[in-house]
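Written out below as structure tokens is the structure these notes cover.
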Amino acid sequence: MQIEFPCGHMGMITTKQSESPSLWTADKNEVKRMELLNRSKTNFVERPIKVLQFGEGGFLRAFVDYMIDIANEKGDFNGNIVIVKPIEFGNLDFFHQQDCQYTLELRGKENGEAKKVRRQITSVADAVGAVEEYDKFMAFASSEDLRFIVSNTTEAGIVYDETDDFNAEPPKTYPGKLTKFLYTRFKAFNGDTSKGLIMLPVELIDNNGPALKKCVFQFIELWNLGEEFKNWVLEACIFGSTLVDRIVTGYPRDEAEAIWEELGYRDNLLDTGELFALWVIESEKEFKDEFPLDKAGLPVIFTDNQKPYKERKVRILNGAHTSFVLASFLAGNDIVLESMNDSDVRKFMEHTIFNEVIPTLSLPEDECKEFANAVIERFENPYVKHQLLSISLNSVSKWRARCMPSLTGYINKKGELPKHLTFSLAALMAFYTASDFAEDGTLIGHRGDETYTINDSKDVLDFFAANSSKPAAEFINAFLSNESFFGEDMTKYAGLADAVTAYLEDIKKNGMRKAIQSVIA
């Protein structure tokens with residue numbers, strides 16, 4: 001295992017506060033108290049507060065805070081972070097007890113070998129509750145040094161609510177809080193355009209920057225904050241749109257005490273994640289010289305168009321998952337790592353990615369192949385037990401978003417069906433073939449003598465409950481012609497319905513294992 005001690009400190013690990021550990025570690029014969037991690041152990045460096053971060057969860061700490069920590073160490077950034085807990089729920093006790101210092105452990109496969117990297121993260125200077133410490137939170141609006149606002153308030157966080165109140169301390173929505181914060185800054189600096197801020201939302205929604213900007217302007221109108229302020233936001237502020245990629249596994253509950261023993265201190269904010277990371281930042285105005293994470297050797301890409309990178313991620317990483325996990329589960333596997341060790345499933349996945357997905361992408365082929373190889377190593381991560389049934393959730397809408405563009409793109413480019421992606425439709429239908437509804441409204445499927453739960457929206461579950469027992473051809477025509485599932489009638493693609501029917505009949509007759517083998521032969 002590689003352990004980093006850059007500039008006298010080790011680097012990072014992320015944790016979920018709701019999964020925090022006991023303050024004691026247990027030995028076989030005694031319980032001994034260990035000293036908490038704090039600034040005296042990390043050689044914390046006071047730097048200007050340049051970043052206000054909405055969200056204290058594991059992802060931001062294993063991704064953004066980690067990258068800023070490295071950029072600080074290498075002398076490329078020189079700025080610290082203040083974490084804002086945006087809602088009343090939860091507390092920041094562990095942050096204050098540890099001076100906001102924590103350990104991050106990154107682990108996975110690199111160049112074919114298992115690897116761990118530990119690093120103490122020292123880029124977080126303070127943590128404040130927007131509700132409990134409203135005045136302290138709002139005081140940062142007048143900070144000369146503040147330049148960036150990062151947020152991860154969940155997909156539901158970027159929302160406009162006309163019942164939100166400007167006079168509330170603070171407003172209840174994140175965009176409402178941000179609008180009031182920006183207005184307070186605008187007033188504090190008398191409209192100085194050099195004091196605008198750069199917003200970097202990482203919420204997992206399309207065009208998260210423009211979505212946040214739209215909400216802010218809706219609140220400006222709702223609260224009658226004036227044209228002068230609106231123009232200041234337009235001229236002085238930047239709303240970047242971001243694509244982020246790293247699996248963060250959070251607080252390692254089962255391993256924490258053993259890790260503490262190795263570290264020699266207790267860390268209630270311990271965090272874990274995979275080695276791979278990618279941050280694509282799109283903006284109409286360039287600001288990379290102010291945020292030079294790429295110069296520090298970090299996997300950060302600044303662009304005026306993130307669409308090709310999102311396309312690559314969704315269709316290679318997410319598309320690979322969706323195309324093979326249901327077949328792999330029915331072939332007898334339970335987690336992604338087992339699937340990668342299954343020669344039949346692995347071959348199916350590799351053929352899908354390299355022969356059918358990559359030829360349809362807009363980025364250069366060598367870049368796509370490099371990303372695909374990294375994805376495969378991520379799937380092989382021995383430290384992550386990613387359950388196939390977890391990935392199976394809402395597979396119908398996932399197939400449309402992740403696999404359908406590759407299938408239709410391949411047909412349009414090659415004039416023929418991509419057999420592996422076509423087979424993935426049959427595997428999806430086999431997985432969704434149900435015997436009955438469960439009490440909670442989900443469907444019950446069968447894998448040999450075992451049963452499993454099929455989770456999806458009600459309209460999807462109702463469709464499969466009504467149709468999956470029909471003859472294969474009738475079942476498939478009903479599915480592929482359902483425009484609410486695909487946005488179009490998929491039976492219009494020549495030969496698709498017949499091919500899916502043949503694959504589904506093969507699965508039913510010979511089992512998923514032999515059906516996969518016939519496809520990859």
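Here are the numbers for this structure:
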quantity: Counted charge near Ala372, where neighbours are those whose Cβ lies closer than 14 Å (Asp, Glu -1; Lys, Arg +1); calculated: -4
quantity: Considering only the chain, percent of DSSP beta bridges that pair antiparallel, nearest 5; calculated: 45
quantity: Peptides 50-57, 358-365 ordered by average Cβ neighbours within 10 Å, highest first; calculated: 50-57, 358-365
quantity: Rg/Rg_ref, the range 215-337, where Rg_ref = 2.2 N^0.38 Å and atoms are Cα; calculated: 1.56
quantity: Protein accessible area in the chain, 1.4 Å probe - carbon and sulfur %; calculated: 46
quantity: Alpha carbon convex hull of the range 433-518, volume per residue in cubic angstrom; calculated: 102
quantity: Burial order of peptide ranges 272-283, 439-450 (average beta-carbon count within 10 Å, highest first); calculated: 272-283, 439-450
quantity: Heavy-atom accessible area per residue - the chain, 1.4 Å, Å²; calculated: 42
quantity: Alpha-carbon centroids, the range 379-454 and the range 210-239: separation in whole Å; calculated: 42
quantity: Ranked packing of 98-108, 380-390, 230-240, 195-205, most packed first, by mean Cβ within 10 Å; calculated: 98-108, 195-205, 230-240, 380-390
quantity: In sequence order, calculated HN-Hα J values of the range 505-514 (Karplus, 6.51, -1.76, 1.60; Hz; x Gly/Pro); calculated: 5, 5, 4, 5, 7, 10, x, 5, 4, 5
quantity: Members of Lys369/Lys509; Lys136/Lys288; Lys213/Lys288 lying beyond 25 Å, as alpha-carbon distances in this model show; calculated: Lys369/Lys509; Lys136/Lys288
quantity: Amide H contacts under 5 Å for Arg447, placed H, 5+ residues apart; calculated: Tyr452
quantity: Hits among lysines - C-alpha to C-alpha of Lys385 under 20 Å, sequence gap 8 or more where chains match; calculated: Lys16, Lys109, Lys115, Lys116
quantity: For the range 178-183, Karplus couplings with θ = phi - 60° (6.51, -1.76, 1.60), whole Hz, Gly/Pro x; calculated: 5, 4, 5, 4, 5, 5
quantity: Proximal charge balance of Val396 [Cβ under 14 Å; K/R count +1, D/E count -1]; calculated: 0
quantity: Mean separation of Cα contacts under 8 Å, 6 or more apart, over the residue count of the chain: relative contact order %; calculated: 14
quantity: Inter-label distance, nm, simple model (7 Å from Cα along the C-beta direction), Lys214/Glu132; calculated: 3.5
quantity: Per residue Cα convex hull volume in Å³ - calculated over the range 447-492; calculated: 88
quantity: The range 136-178: radius of gyration and largest Cα-Cα distance (Dmax), Å; calculated: 11.7, 33
quantity: Residue-count net charge about Trp223 - beta-carbon cut-off 12 Å; Lys, Arg +1, Asp, Glu -1; calculated: -2
quantity: Distance between the range 464-505 and the range 271-338 - C-alpha centres, whole angstrom; calculated: 31
quantity: Exceeding the 23 Å Cα-Cα cut-off - candidates Lys347/Lys508; Lys50/Lys195; Lys398/Lys514; Lys85/Lys313; calculated: Lys398/Lys514; Lys85/Lys313
quantity: Long-range Cα-Cα pairs in the range 332-442 (distance over 24 Å), rounded percent; calculated: 31
quantity: Relative contact order, percent, the range 228-345 [alpha-carbon distance under 8 Å, six or more residues apart]; calculated: 22
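The values are calculated or read from the model by the stated rules, or taken from the named source; none is laboratory data. The shown structure was predicted, so the numbers you read here are calculated from the model rather than taken from an experiment. Cβ sites come from the backbone with ideal geometry, for glycine too, and all protein chains shown count toward neighbours. Heads up: the accessible areas ignore ligands, DNA and RNA and are worked out on the full protein's heavy atoms, side chains in. Shrake-Rupley method; radii C 1.70, N 1.55, O 1.52, S 1.80 Å.
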